[in-house]
Every structure is written in C-alpha cells, then in structure tokens.
Amino acid sequence: MRLVALGEVIRPAKVDRAGETNYPLLSMTMHDGLIDQTTRFKKRIASSNLSNYKVVKRGQLVVGFPIDEGVLDFQESYPAAIVSPAYGVWNLVDEERVDRRYLKLALRSPGAFAYYRTKLRGSTARRRSLPTDVFLALPIPLPTLPEQRRIAAVLDHAEALRAKRRHVLAHIDALTESIFEDFFRQQPDRWAQLSELAEKVVVGHVGPTSEFFRSEGVPFLRTGNVGRGEIVREGLAYITTDFHSRLRKSQIRSGDVLISRVITDEVRASAAPEDLDGANCANIIVVRPSDRLLTSTLVGYLGRAETQRQLIARRVGSAQGVVNTGVLKHLSTPVYPVERQRVLSTIVEAVSARRAAERRAMNVGDELFASLQVRAFDGRL
C-alpha cells in the first residue's frame, strides 16, 4: 500500500473568529469526537466569551490535544460551528483523492498513535504538543478511493459495536447511582462520624520509586488504580514479598474501602476485591468498615454528590489537592440496619457483576478493533 505524507492531503485552513455571531458550540471528546455541548453536558463548559473561538465549516478537520489520545474529528454536523481557539483546523487538499472517514480512522490508528507519542514535545503529559511540520510528516497509507471507503465501512461497523458497549456501561453506571440514591433517601436510624463506624482509617505509604516495581509479585495500588466504584487494573504495579513485608501499614484486605488521596474533579472510592487481599497501596486512604457499616454502603455514600462536595470543599494542598483525612474521619455518616444494608449489597453486587461482564466484552471488542486497524492500514483487511 502506497504511503504519502499527511501534508500531501491536508493543509491549514484560513480560520475566521466567532466575533459577535452566534454559532453552535462544539467540544472535542476522546470517543465521540466533536459533539454539541448542549447535547452532552448539563452546563456550558466553554468560556463565556466566545468571540475568539474558531469557526469550523462542514468537512474541515479539527485537531485537539493531547493528540495521542485521538482527539480529532471532521466537523460534519453544521454548515458552520465554533471550537476552542486552541484547536487546529485543516482542509482536505483534494476531496476526490481522500475519504474523510478513512483519513480520520488512519489518524486514530495504532500506527499513528505510536508516531505521535515518539514525536511529542514538552514536559507536562497532557499539554505535550506535536510540531506542525512533524504532524504533516506522518506517513499515511493511501489506497484507491473505493478501497478507502470499503476499509472505512468495515471499521465504522466495528466502532459502532464498541460505542454500543460504552453506552451499555454508561446506563449501568446510571442504574448504580439510582440504586444508591433510592437507598439514601430512607431515614437512617442515626448519624455517626465515620471513625466510629470503621475499624481503622489510615493512609498508605508514600509510593516507592519505579526501581522497586517488578513484572510480578505482590500487587501495589497507586492513586490511578482507584476508580469511582471500581478498581482500575491498568497500570497495576507489583513489588517483591520482602519489600511487601516492610509495608504493613499499607496492606489492604478484601472489603476495605480504598479512597484515592489525590482529588482530580472528584473523590474516587472503591472496594478492594478478593483477589487483591493482602496487596499494598500508596497515597490511598484505607477505610476498614466495622460490622455496623457494610462496604457497599460506604462506597455508595462517598459517591453521592453532597458527600463529594463536602470532601472537595475541605481538601488540603495546592493544585489538585488531596483528601483531608481528618475531615474524612469526622464525616457525618448515616447508620442503617445491617439487614437493610445487606439487601443493598446484594443488588449492587449483581449490577457490578453485569458491569464487569460488559467491561470484559468491551475489552475484547477493543482488542478486535485494534487488530482490524492494524490489518486495514498495512493492506491485509
């Protein structure tokens, strides 16, 4: 398959600014590309002053950052819309030579991502940029136009299946939130400080440097491994059993509630699963509930909007900030009959099992899609 430099098929667009004209406002997302803010977000997330925003015409390519996460898309929704002034806008050189869907997929392919990551400049991870000349030097496989359209149709179908999985997972998450909200609308028997309802509340050790990590051994969780309501396995580290024995304070047990100390835009908490019993952690608050407070009840309570606001408002430190452990210990927590909590736990576990199954299926779909992409852009699809 013939390769051409990206600069042969796109060129910088002459861009107008929004000024005082009212245009649809688009945001860039990793999975869905350009989306209308009014259909995705509950509130406008852009600046209130849109006069300097870039006007993007139908068919133009918009490239955001970080580019190695695939934040790029063609604007196909409106005759004209506006995007952040930080985004790049490009035109196709010859629409009779290149199919837009094909080019978008090529720019989001594993080969393209590998190219971006080796060429990015800058020290801040999510602000690293790709120089324009380097971007335009990206080699693009360019078969005939009918072949481009055939490849795009195959990959679009596979991507549609992945999108359905993501939507199912979003609905499951919404169901989980609804279950917890219904539960916490019930009047508790009483309220107590979290420290009264927990056997212990401790902070794991400061994390060891990478030289201590191994490819196997005792699992070692860091802040990125604590998601909202689930453990994130990607990036899980391991340490030796000798080093593990020296970190008794940070050892966790199945059923502990793990809270990431680092606050991004939320406080993330999840339960330690059985297969991580005895693991170690760093910069994670470990709460071991007593027999009066079940794990699922606490995870659900920490995920509520009101609880989140309390903890975020009283965070400590600069920049993102961290959870104030003292505030957490004194957090006013509802006390419900244990039997009622067990019913909640049974329901949540059933929904979680369904979510885990969907997540596994999505991972398989992602692997299949990546395989199809590789084959598509080296002439084997």
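Only one of the listed residues (D94, D36, D68) is open to solvent by 60 Å² or more (accessible area, probe 1.4 Å) and on the phi < 0 side of the Ramachandran plot. That residue is D94. The single condition from (1) in contact (Cβ under 8 Å) with a residue 60 or more places away in the chain; (2) in contact with a helix residue (DSSP H, G or I) (Cβ under 6 Å, 6 or more places away or on another chain) that A269 fails is (1).
Entry remark, region 353-367: residues being within 18 Å of the chain's Cα centre (by Cα), hydrophobic (A, V, I, L, M, F, W, C) and over 15 Å from K164 (Cβ atoms) number 1 in total.
Out of the residues in region 120-142 meeting the condition of being assigned to a loop (DSSP other than H, G, I, E, B) and at pLDDT 95 or above, tell me which one is farthest from the chain's Cα centre (by Cα). Filtering region 120-142 for residues that are assigned to a loop (DSSP other than H, G, I, E, B) and at pLDDT 95 or above, the one farthest from the chain's Cα centre (by Cα) comes out as L142. Restricting A361, A319, A356 to those that are over 26 Å from R214 (Cα atoms), open to solvent by 20 Å² or more (accessible area, probe 1.4 Å), part of a loop (DSSP other than H, G, I, E, B) and modelled with pLDDT under 95 reduces the list to A319. Scanning region 234-261 for residues being closer than 28 Å to D291 by Cα and surrounded by fewer than 21 Cβ atoms within 10 Å (Cβ to Cβ) gives a total of 9.
Screening region 166-201 for residues that are surrounded by 15 or more Cβ atoms within 10 Å (Cβ to Cβ) and among the aromatic types (F, W, Y) and picking the one that is nearest to I284 (Cα to Cα) gives F180. Take the conditions surrounded by 14 or more Cβ atoms within 10 Å (Cβ to Cβ), under 21 Å from the mean Cα position of the chain (by Cα), modelled with pLDDT of 90 or more and on the phi < 0 side of the Ramachandran plot and apply them to V299. Does it pass? It is true that V299 is surrounded by 14 or more Cβ atoms within 10 Å (Cβ to Cβ), under 21 Å from the mean Cα position of the chain (by Cα), modelled with pLDDT of 90 or more and on the phi < 0 side of the Ramachandran plot. E181 fulfils the conditions (1) part of a loop (DSSP other than H, G, I, E, B); (2) farther than 19 Å from L247 by Cβ except for a single criterion, (1). I82 satisfies every condition listed in (1) of a type in the set (A, V, I, L, M); (2) in a loop (DSSP other than H, G, I, E, B); (3) buried (at least 19 other Cβ atoms within 10 Å of the Cβ) except (2). In the set (1) within 30 Å of V168 (Cα to Cα); (2) at pLDDT 95 or above, I284 fails one condition alone, (2).
In region 135-165, of all residues being farther than 30 Å from M362 by Cα and in contact with a Leu (Cβ under 9 Å, 6 or more places away or on another chain), the one that is least open to solvent (accessible area, probe 1.4 Å) corresponds to F135. The set of residues in region 230-258 being of a type in the set (G, A, S) and either assigned to a helix (DSSP H, G or I) or closer than 19 Å to P208 by Cβ (or both) consists of G235, A237, S245, S250.
Within region 276-289, the only residue that satisfies the criterion of being open to solvent by 20 Å² or more (accessible area, probe 1.4 Å) and of a type in the set (S, T, N, Q) is N283. Output the residue which, of all residues in region 5-39 that are of a type in the set (V, I, T) and assigned to a loop (DSSP other than H, G, I, E, B), is modelled with the highest pLDDT. Among residues in region 5-39 that are of a type in the set (V, I, T) and assigned to a loop (DSSP other than H, G, I, E, B), the one modelled with the highest pLDDT is V9.
The values are calculated or read from the model by the stated rules, or taken from the named source; none is laboratory data. Here the structure is a predicted model, which means the values were calculated and not measured. Using ideal geometry, Cβ is built from the backbone for each residue, glycine included, and neighbour counts are taken over all protein chains shown. Keep in mind that these areas ignore ligands, DNA and RNA; they rest on the heavy atoms of the full protein, side chains included. Shrake-Rupley method; radii C 1.70, N 1.55, O 1.52, S 1.80 Å.
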